[in-house]
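Worksheet: the structure to be examined is printed underneath.
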Amino acid sequence: MVTTTSDPSETARVGEQLAAELTPGTVLAIQGDLGAGKTCFVQGLARGLGFRGAVTSPTFTLIHEYRGGRLPLYHIDLYRLTDPQQAVAIGVEEYFDAGGVTVIEWPERIASLLPAHTRWVEIAITGPTTRQLTIR
Ligand SMILES: Nc1ncnc2c1ncn2[C@@H]1O[C@H](COP(=O)(O)OP(=O)(O)OP(=O)(O)O)[C@@H](O)[C@H]1O
Ligand SMILES: [Mg+2]
């Protein structure tokens, strides 16, 4: 599925709509350059799962967990990861079958660890406020 958005709220809404189809154990790899809108998309996803609080980038902590929605949401950001073994050490793989939805920014950092059923979302910057989202 390919869709274009023209502001951050539209990108969040695409995430919000995708949330309805997510089941326990879903792993979503979200690819895109710095500032593409990955976190914005995850904010919508959290809202779509029914989580009502603030969703902030886990860039420094690597993982944020959000509970209280239809399913737990594990939001992982691997931008600062230098070695996949570091992700293994912090237990990234344990989230994949923990009964919630795992979303990963910069998933290419741990490509070999991702389950085969991982769904991919690509966000391309097409202009100052336009984005093309591909969900597969
Ligand atoms: N159509 C759009 N969709 C999403 N974000 C947009 C759009 N147009 C402009 N923006 C801006 O792009 C930025 C997206 O930031 P966001 O933190 O979501 O990116 P990110 O991909 O998570 O970056 P990072 O790799 O640094 O984590 C925000 O400043 C947002 O306002
Ligand atoms: Mg981000």
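The values are calculated or read from the model by the stated rules, or taken from the named source; none is laboratory data. Just so we're clear, the structure is a prediction, and the values are computed from it rather than from any experiment. Using ideal geometry, Cβ is built from the backbone for each residue, glycine included, and neighbour counts are taken over all protein chains shown.
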Just to be sure I understand the filter: pairs with C-beta atoms under 8 Å, separated by 6 or more residues or on different chains, first member in the stretch 34-47 and farther than 18 Å from Arg67 by Cβ, second member near ligand 2 (Cβ under 8 Å from one of its atoms) and part of a helix (DSSP H, G or I). Which pairs pass? none
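Identify, please: which residue in the stretch 93-126 is without any contact (Cβ under 8 Å) to a residue 24 or more places away in the chain and not in a loop (DSSP other than H, G, I, E, B) and is, among those, nearest to Thr3 (Cα to Cα)? Reasoning before the result, please.
First, the residues of the stretch 93-126 that are without any contact (Cβ under 8 Å) to a residue 24 or more places away in the chain: 93-94, 111, 116.
So of that shortlist, the ones also not in a loop (DSSP other than H, G, I, E, B) come out as 93-94, 111.
On the way: Glu93: 30, Glu94: 32, Ala111: 25 Å.
Among those that are without any contact (Cβ under 8 Å) to a residue 24 or more places away in the chain and not in a loop (DSSP other than H, G, I, E, B), it is Ala111.
Using the structure shown, decide if Ile30 is within 13 Å of ligand 2 (Cβ to nearest atom), over 18 Å from Ile135 (Cα atoms) and buried (at least 19 other Cβ atoms within 10 Å of the Cβ).
Details: within 13 Å of ligand 2 (Cβ to nearest atom): yes; over 18 Å from Ile135 (Cα atoms): no; buried (at least 19 other Cβ atoms within 10 Å of the Cβ): yes.
Considered against the rule, which asks whether it is within 13 Å of ligand 2 (Cβ to nearest atom), over 18 Å from Ile135 (Cα atoms) and buried (at least 19 other Cβ atoms within 10 Å of the Cβ), Ile30 comes out as no.
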Scan of the stretch 1-16 for residues that are surrounded by fewer than 18 Cβ atoms within 10 Å (Cβ to Cβ) and within 16 Å of ligand 2 (Cβ to nearest atom), ordered by number: Pro8
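Restricting attention to the stretch 64-83, which residues are of a type in the set (Gly, Ala, Ser) and surrounded by 15 or more Cβ atoms within 10 Å (Cβ to Cβ)? I'd like the intermediate steps shown before the answer.
Within the stretch 64-83, the first condition is being of a type in the set (Gly, Ala, Ser), and the residues that meet it are 68-69.
If the condition is that a residue be of a type in the set (Gly, Ala, Ser) and surrounded by 15 or more Cβ atoms within 10 Å (Cβ to Cβ), then Gly69 is the only one that fits.
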Suppose we filter the stretch 127-136 for residues that are in a strand (DSSP E or B) and away from ligand 2 (no atom under 16 Å from the Cβ); how many remain? 3
Quick one: Ala46 ticks every box in (1) hydrophobic (A, V, I, L, M, F, W, C); (2) surrounded by 22 or more Cβ atoms within 10 Å (Cβ to Cβ); (3) closer than 23 Å to Ser112 by Cα bar one, so which box is it? (3)
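Taking the stated definitions as given, is Gly68 under 13 Å from the mean Cα position of the chain (by Cα) and away from ligand 2 (no atom under 16 Å from the Cβ)?
Working: under 13 Å from the mean Cα position of the chain (by Cα): no; away from ligand 2 (no atom under 16 Å from the Cβ): yes.
Taking the combined requirement at face value, the residue does not satisfy it.
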When (1) more than 9 Å from ligand 1 (Cβ to nearest atom); (2) acidic (Asp, Glu); (3) modelled with pLDDT of 95 or more are applied to Asp97, the one that fails is (3)
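Residues to consider are Leu71, Leu62, Leu81, Leu114; find the one that is hydrophobic (A, V, I, L, M, F, W, C), modelled with pLDDT under 95 and out of contact with any Asp or Glu (no Cβ under 9 Å at 6 or more places or on another chain). It would help to see each step written out before you state the result.
Working: Leu71 fails: modelled with pLDDT under 95; Leu62 fails: out of contact with any Asp or Glu (no Cβ under 9 Å at 6 or more places or on another chain); Leu114 fails: modelled with pLDDT under 95.
Of the residues listed, the single one that is hydrophobic (A, V, I, L, M, F, W, C), modelled with pLDDT under 95 and out of contact with any Asp or Glu (no Cβ under 9 Å at 6 or more places or on another chain) is Leu81.
Among the candidates Ala89, Ala19, Ala98, which residue alone is away from ligand 2 (no atom under 13 Å from the Cβ) and within 30 Å of Pro128 (Cβ to Cβ)? So that I can check it myself, show each step before the final result.
Numbers: Ala89 fails: within 30 Å of Pro128 (Cβ to Cβ); Ala98 fails: within 30 Å of Pro128 (Cβ to Cβ).
None of the other options fit; the residue is Ala19.
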Which one of these does Arg119 not meet: (1) under 18 Å from Phe41 (Cβ atoms); (2) charged (D, E, K, R); (3) within 16 Å of ligand 2 (Cβ to nearest atom)? (3)
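Among what's in the stretch 48-88 and is among the hydrophobic types (A, V, I, L, M, F, W, C) and free of Cβ contacts under 8 Å to residues at least 24 places away in the same chain, pick the residue that is farthest from ligand 1 (Cβ to nearest atom). Don't jump to the end; show me each part of the working.
Residues of the stretch 48-88 that are among the hydrophobic types (A, V, I, L, M, F, W, C), as a first pass: 49, 51, 54-55, 60, 62-63, 71, 73, 76, 78, 81, 87-88.
Checking which are free of Cβ contacts under 8 Å to residues at least 24 places away in the same chain leaves us with 51, 54-55, 60.
Numbers: Phe51: 17, Ala54: 13, Val55: 10, Phe60: 11 Å.
For the stretch 48-88, the residue satisfying everything is Phe51.
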